[in-house]
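This report refers to the structure that appears directly beneath it.
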Amino acid sequence: MAYHQFIRRSRGWVALAGIVSGLAQAATDDIQEMPGSPAFESAVARTRDAETLKALTAEGQLLYQRERVKLDGYQYCSQAVAQAERGDLRESIKSASKALHVGQAQGNEDLVAVSKRDLAIAYSYAGELDRAEQYARESLGHQARNPQIVAGPAYKVLGDVATRRGKLPEAIAFYNQSFEAASDRFRPLVQLSLANAYIASGEAARARSEYDRITKPESSLAAMYQRGLGNLLIAEGKPAEALKAFEVASAAAAGPDAAYHKLWALEGMARSDLSLGNVSSARSRYIEAARQSEAIRSKFRSEEFKSGLFGDVQKIFEQAIVLSMDAGDIEGAWQLSERSRARALLDVVRERVAADSESSAAVSLKELLASLRKGETLVQFHSLDDRLLVWIVSDGKMEGRSLPLRSADLGAAVEAFRRSIFERRRTTVELADALHEKLLGPLALPADQRLIIVPHRGLHYLPFQALRTKDGYLIQRNPIAVVPSASVALQLAKRRFDASSKLVAFGNPANGAREDLPGAEREVQLISNLFPDRRVFFQRDASKARFREAAGAGRILHVAAHAEVDSIDPLHSRILLAAEGNDPGFLEAREVYAVDLKGVSLVTLSACESGLGRVARGDEIQGFTRSFLTAGASGLVVSLWPVADDSTELLMTKLYGELAKGSEAIDAMRSAQIAVLAQKKFAHPFFWAPFNLIGDWRLRTGG
């Protein structure tokens, strides 16, 4: 089947980082290849590079035209820099796009260069390395009035990209080019990055030489300078001196960011202790650093990206977890894993669940053991660079395991499995067998147990139900649900609802940005027949205004529409509802926070990849999942890849039929997936496995 034909039969198409409408069709006009083939990937890449800039320029023009007060192009650039440094990356890109439009409209080569520099910075902070590299290189191709303010940062971005890709010789070369091109004020920042790159590449002598020629940095860089010096001393084999350097850095920390600098000084002391062989002291410091980090971990720190240090609070938790596991403290390690997850989400969920919650601490093992019922097993993962940690909780006890699965290898295996499903390859079965053998085989989980899975890192993208055992697919062996963390799951499971099973549903919203979805409309019509008490909105009635007014009025909220994931800022991911007047109908994930859903037990997003928010190293559950749980919902059904209309229709009608009978959500989802799997034409996991049940696995909506 030609790829463009496949797209028309699927529920929408995901716009990752603003991919333009029609990209897939344009990429296949002159080739008939399935996704994954070299020819297809090459065509998509060429088209994407050519079209993304056009899309950004067009978006910038549209945004500029809507501005009531239009700014000078350079003012938009100033906005872009400020927004990037406080972490508003999508807004930063919008501001830079407006500047780009103004520069191109005016024929202002300098403004175009500066705006592309700002795009490069924003994409670099967002971790979109291909885009960051593209715009950094493009900015260097324009004639800037002051080359220092463009070339210095642009080469710096290229160095940061290379560093994050592990290409340290390339990074060092770019940092040297940045140093030569940069202003005097910018050079100390470049030198810190260069010294860090030398340290990372094992060239301590060259790092020392670089440090010795750094002029005294301004106050905003002083703390990083001292920490970098401690890192250098460790690299030079002088851990005792490094320990003193970090202690001095901690004592000298002052100002509004003092807690942040003290945290990283403490982390440096812990690493110094490890180098000195003081493992017990190192563990204590790491645990204390993890505790301190909880108060500041949500604050975006652009200084780390500026200097190329790329500080990562999760590394603190990981070291504390590893040292605790190595010391035999399995429960302590699990508690640290819990604390490293979605703290902000947990606290908000607690407010929605019970206003008189005793504290915001993560759940204790005693509470977890008391909450799990007979026949329920919680399997919690924590993926580290060199191993995979697993905690299995059931039957009144906890067991901890360490599997020899490197994070990079596990991520690659998950991606290969997902790609095989998406392309409906015959190799899917073999990959499902192999991944189960590595991931779950060693755990010897009993059949028919309810599995409540707490994923980590790339495992959020894995359809566990599609793994295969000797008895068939895992879903045929075990009911399965996914939860963001054990703490959040238990808070959600505490909610109680009355017997109401009122449905509010939105199907096939009329939005000219994407093609019509008659299958989605038919799906909602069939589902609605199961609910005598219902409010259903189709096409033009399925607007954002209607959503805000009606979404919280039922126990079940069902949305069958196009969805687009924003990989820059998942909270700008959007569901395409009906356009209305000047409102394009885009319901962004961040807007869902303002919708009162505390009376809703289950939200189903029957849309493309609705579950794929950004999976940050700390498992900050973002995008649609975080916003709907925060708004008050107890459970969600979300998709992991673009779904096909016909099989989705069957799955959803079966799911709601089971719920209407009074089945708990985890059993209803299992029955629905098995029902689709039993149809020969839908036997491939592509058709029956895209949806995950997230949150309260015991929720009921009828019966």
For this session: Evaluate the following for G87: is it surrounded by fewer than 23 Cβ atoms within 10 Å (Cβ to Cβ), small (G, A, S) and within 21 Å of the chain's Cα centre (by Cα)?
Result: yes
Problem set entry | Unmet requirement for V112, which otherwise passes all of (1) without any contact (Cβ under 8 Å) to a residue 40 or more places away in the chain; (2) closer than 23 Å to D569 by Cα; (3) surrounded by 24 or more Cβ atoms within 10 Å (Cβ to Cβ) | (2)
For this session: Check every one of the strands (runs of 3 or more DSSP E) wholly within segment 514-581 and list those with 3 or more residues that are surrounded by fewer than 23 Cβ atoms within 10 Å (Cβ to Cβ) and at pLDDT 85 or above.
Result: 534-539
For this session: Run down A181, A171, A223 and say which single residue is crowded, with 24+ Cβ neighbours inside 10 Å, of a type in the set (A, V, I, L, M) and more than 25 Å from D257 (Cβ to Cβ).
Result: A171
Exercise. If a residue has to be under 25 Å from E423 (Cα atoms) and aromatic (F, W, Y) to count, how many in segment 639-660 make the cut?
Worked result: 1
Exercise. Only one residue in K94, K116 is within 21 Å of Q75 (Cα to Cα), at pLDDT below 95 and charged (D, E, K, R), so which one is that?
Worked result: K94
Problem set entry | Failed item in (1) within 22 Å of the chain's Cα centre (by Cα); (2) modelled with pLDDT of 90 or more; (3) in a helix (DSSP H, G or I); (4) of a type outside the set (A, V, I, L, M, F, W, C), with K681 passing the rest | (1)
For this session: State which residue pairs qualify: first residue free of Cβ contacts under 8 Å to residues at least 40 places away in the same chain and inside segment 450-467, second residue not in a helix (DSSP H, G or I) in any location, beta carbons under 7 Å apart, and separation of 6 or more residues or different chains.
Result: F464/I453; F464/I480; L467/L440
For this session: Considering every residue within segment 202-217, establish whether at least one is crowded, with 22+ Cβ neighbours inside 10 Å, of a type in the set (A, V, I, L, M) and touching a residue at least 40 places away in the same chain (Cβ under 8 Å).
Result: no
Problem set entry | Leading residue by the ranking (modelled with the highest pLDDT) among those in segment 603-659 that are under 18 Å from S485 (Cβ atoms) and among the acidic types (D, E) | D619
Exercise. Which condition number does S281 fail, the rest of (1) hydroxyl-bearing (S, T, Y); (2) at pLDDT 95 or above; (3) exposed (fewer than 14 other Cβ atoms within 10 Å of the Cβ) being met?
Worked result: (3)
For this session: Could you please find all residues in segment 635-662 being more than 14 Å from P690 (Cβ to Cβ), touching a residue at least 24 places away in the same chain (Cβ under 8 Å) and surrounded by fewer than 20 Cβ atoms within 10 Å (Cβ to Cβ)?
Result: T653, G657, A660, K661, G662
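The values are calculated or read from the model by the stated rules, or taken from the named source; none is laboratory data. Fair warning: this is a prediction, and the values are worked out from it, not measured in the lab. Cβ atoms come from the backbone with ideal geometry, glycine included; neighbour counts cover every protein chain shown.
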